[in-house]
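In what follows, a structure is listed as structure tokens, so that the remarks can point back to it.
The values are calculated or read from the model by the stated rules, or taken from the named source; none is laboratory data. Owing to the predicted nature of the structure, the values given are computational and were not obtained by experimental measurement. Cβ atoms come from the backbone with ideal geometry, glycine included; neighbour counts cover every protein chain shown. Note: accessible area is taken over every heavy atom of the protein model, side chains too, but ligands, DNA and RNA are not part of it. Shrake-Rupley method; radii C 1.70, N 1.55, O 1.52, S 1.80 Å.
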Amino acid sequence: MGFFKQFVKLTGGFWSSKNKNAIRKDTALLIVLTIMQISIAIGIAQWNKDLFDALEKHSMLDLITQIELLIGIFLANIMITTTHLIVKRRLLISWRSWLTKKVISRWMHKGRHYQVTFMSKSDHDNPDGRIAEDIRIVTEEAVSLALSLFYSVLLLVSFSKILWTLSGTVVLNLGSFSLPIVGYLVWIAIIYSFFASILGWWMGKPLTVATNARQTEEANYRHELIKAHENSQAIALIHGEDNEQERFIDSFRAIIATYQQQTAAWTRIQIFTSGYSVISMALPILAASPRYITGAITLGTLMQSVQAFGHMVSALSWPVNNMAEIAKWRTSFERVVNLVKALDELDQDIEGLAAHQICVDTSEQPLLKFTDVTIANLENETISETINDEIKAGERVLICGETGAGEKLFQAIAGLWPWGSGHIEIPTEEPLFFMPPRPYLPSGTLHTAIFYPKAVASLRRADLEKLLKKVGLKDLAKQLDQVQSWEQLLSREQQQRLGVVRVLLHKPKWIFIQEALDSLTPDGEIQMLELLAKELPDVTIMNITNQPTAEDFHQRKLKI
């Protein structure tokens, strides 16, 4: 699929979205304001001609007239430019918000953010950077490039006509015959811009590859730093700082390599643009000055011709002048679209499993039923026994067998692991609650983190403090309103005890415990399990644990 076709497919729906009327209004307003900017540019070119004509005639009256006109141009330009900026930024943030929501809704859907990390073959590393940074670049650069291209087209149409008129006709004597050239400055501008563009594109080609490589390595480096920050306690306890420093340095060396690659690409562009800027400054004066010397045009016409030539060359040189921005925009878009492709491929892979997958359906009966269920790995190799069983409401069941198979069984029940075969029926009206080895505690107040993923309920503070006391965390009651990074601040045992508090607050009917109490002492784990059974007497518990002492708590075993 072509690049622009992919771009329109991913981002084009913005103009047909919920706020399409306001979006189209802003787009139309931007177009009108850009046309008005061209009018200002034409007005300045005419003012420039009249100014130099006034100077050539030594006319003070004409000079004063030009000063008065300049004030009007000055005020109009400020108004138009300021309004243009406000409308453009409003459209930018609106487009970025829409695209961000679109990608996030795909990424955070039915566990795809988890599944894509190990199921998709497409390039999709560092999705956080792709969503936060690359979407920003995609939308901002797209609007900037589109407006500058539109402006350049209008500039080309307007000033090529002016330059054609100002150029007149030049007769080229070729010995035995003469060749009249109409609008010769226009032809010089076209030929000059054509060859400059070809040379510029050729010299700028390596920049796209270098920019892509650097953005990838920068994202990897940020990921390493964030990962170390998230696990700072573990690193400090085992004195892993030296190892982390080496990993950071190795990651940064990769940035240096891509930086040098990008520097080499920028050097090629700089060589071109430096020479290009000097020639572009001198060429129009040198090309138009013979007619001024012969008296065919006035000084004002000469300066207007020079300005019109510059505008026309600038418009024709749009690809050259925007090589770096185009490379950056295209690279970021490819990073975003690769993440979306990975999610698409993941959907196709899961749909393609068809009959060769675990089917999960709901049942009106208050039970969890397994019919011919087997768990497989990604290579479709069976890693569990065939399960035929029914877990009734209120039962306490210990999962026996390979820990990895038990983990994937829980994921299959949650609809995250389709690999395998068989049929699982889950109760419709009774909520399921999964307790992973470490509960997720988002940044913010501890009160909010405990209630996650629900909003803070209208539970009395005293009741919450009682629950904290029951799980052995009464000291945290004083910190409920504090804003911290709780995953960093609290020990693993404290976090697992908070996981129990979260379960008691949500009051589910079914609890799936995946080594969620393994950091506690054997007695501590028994206490938490008994607390769950006491506070939620009708709850069903399926438990994966490595503590032999916890076996007596369960009523039976499920071997997988």
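Distance between the pseudo-spin-label points of CYS359 and ILE235 (7 Å out from Cα toward the beta carbon): 4.9 nm. Extension gain, ALA477 to GLN6: 0.36 nm times the residue separation minus the Cα-Cα distance gives 164.3 nm.
Take peptides 308-318, 218-228, 486-496 and line them up by average Cβ neighbours within 10 Å, highest first, as a rough protection proxy.
Values: 308-318: 23.2, 218-228: 15.9, 486-496: 17.6.
In decreasing order of mean packing, 308-318, 218-228, 486-496 become 308-318, 486-496, 218-228.
Relative contact order of the chain: 15 percent, from C-alpha pairs under 8 Å at least 6 residues apart in sequence. For the chain, the longest principal axis of the Cα atoms and the long axis of helix 135-167 meet at an angle of about 10 degrees.
Within the stretch 321-365, whose backbone N sits under 14 Å from a point 7 Å along Cα→Cβ of THR428? Answer for the stretch 321-365: 361-365.
Under the criterion of Cα pairs below 8 Å and six or more residues apart, the relative contact order for the stretch 197-353 equals 38 percent.
Quick one: Cα convex hull volume of the stretch 40-114, Å³ per residue?
So the per-residue hull volume is 85 Å³.
Quick one: with all protein chains in place, what share of the accessible area of the stretch 371-414 is carbon or sulfur, to the nearest percent (1.4 Å probe)? The C+S portion of the solvent-accessible surface of the stretch 371-414 is 39 percent.
Spherically averaged projected area of the convex hull of Cα atoms, the chain: 37.5 nm².
Rolling a 1.4 angstrom probe over the protein heavy atoms with all chains in place gives the stretch 406-487 an accessible area of 50 Å² per residue. If you take every residue apart from THR258 with its C-beta less than 12 Å away from the C-beta of THR258, what net charge results, scoring Lys and Arg +1 and Asp and Glu -1? My count for the surroundings of THR258 gives 0. Could you point to the residue in ALA462, PRO284, LEU432 farthest towards the positive end of the chain's charge dipole, with +1 and -1 charges on the Cβ of Lys/Arg and Asp/Glu respectively? With unit charges placed on the Cβ atoms, the residue in question is PRO284.
The shape of the stretch 161-204 comes out oblate: with a ≥ b ≥ c from the C-alpha gyration tensor, a/c is at least 1.5 while a/b does not beat b/c. Given a 1.4 Å probe and the protein chains as shown, CYS359 ends up with an accessible area of around 50 Å². According to the Kirkwood relation over distinct C-alpha pairs, the hydrodynamic radius of the stretch 1-81 is 16.0 Å. The Cβ shell under 11 Å around ALA308 holds other residues with a net charge of +2, Lys and Arg each +1, Asp and Glu each -1.
Once a ≥ b ≥ c are taken as the square roots of the eigenvalues of the Cα gyration tensor of the stretch 437-560, is the result rounded (a/c under 1.5), prolate (a/b larger than b/c) or oblate (a/b not larger than b/c)? Because a/c hits 1.5 or more and a/b exceeds b/c, the stretch 437-560 counts as prolate.
Note on LEU63 and LEU299: the model spin-label points, each 7 Å out from Cα along the C-beta direction, lie 1.1 nm apart. Centre-to-centre separation between the Cα atoms of the stretch 494-537 and those of the stretch 418-488: 11 Å. Applying a threshold of 18 Å to the alpha-carbon distances of LYS507/LYS557; LYS101/LYS341; LYS102/LYS454; LYS9/LYS341; LYS227/LYS328 flags LYS507/LYS557; LYS102/LYS454; LYS227/LYS328 as lying beyond it.
In nanometres, what is the gap between the two model label sites at ILE279 and LYS18, each 7 Å from Cα along Cα-to-Cβ? Spacing of the two 7 Å Cα→Cβ label points: 5.3 nm. DSSP assigns beta bridges within the chain; of those with both partners inside it, close to 50 percent run antiparallel. A dipole drawn for the stretch 398-544 from +1 and -1 charges on Cβ atoms has a positive end, and of GLY404, GLN479, VAL503 the residue lying farthest that way is GLN479.
Quote the accessible area belonging to MET60 in square angstrom, nearest 10, computed with a 1.4 Å probe and with ligands, DNA and RNA left uncounted. Number for this one is 130 Å².
When a/c reaches 1.5 or more, the comparison of a/b and b/c decides; with that in mind, is the stretch 172-325 rounded, prolate or oblate per its Cα gyration tensor? Taking the square roots of the gyration eigenvalues as a ≥ b ≥ c, the stretch 172-325 is prolate.
Taking Cα atoms, how many degrees apart are the long axis of helix 20-56 and the longest axis of the chain, rounded to 10 and kept between 0 and 90? It is inclined by approximately 30 degrees.
For the stretch 195-262, treating each Cα as an identical point scatterer without solvent, what Debye log10 I(q)/I(0) comes out at q = 0.12, 0.25, 0.29 1/Å? Cα-only, vacuum Debye calculation for the stretch 195-262: -0.45, -1.00, -1.14.
Length gained on full extension, ASP50 to LEU75, computed as 0.36 nm times the residue gap minus the Cα-Cα distance: 7.1 nm. Helix 403-413 axis versus longest C-alpha principal axis of the chain: approximately 70°, rounded to the nearest ten.
For LYS341, the solvent-accessible surface with a 1.4 Å probe is about 80 Å², rounded to the nearest 10. Overall shape of the stretch 373-527 was characterised from the C-alpha gyration tensor. The equivalent ellipsoid obtained from it has semi-axes of 32, 16, 15 Å, in decreasing order. Dividing the radius of gyration of the alpha carbons in the stretch 466-516 by their Kirkwood radius gives 0.97 for Rg/Rh. Here the stretch 337-460 was treated as a single set of alpha-carbon atoms; its pair distances binned every 5 Å from 0 give 2, 9, 15, 17, 16, 16, 13, 8, 4, 1, 0 percent. With the biggest extent put first, the Cα atoms of the stretch 97-243 measure 92, 37, 26 Å across the principal axes.
Electrostatic bookkeeping for ALA219 treats Lys and Arg as +1 and Asp and Glu as -1; over the other residues with beta carbon under 11 Å from its beta carbon, the sum is -3.
Each part reduced to its alpha carbon centroid, the stretch 172-188 and the stretch 199-244 end up 58 Å apart.
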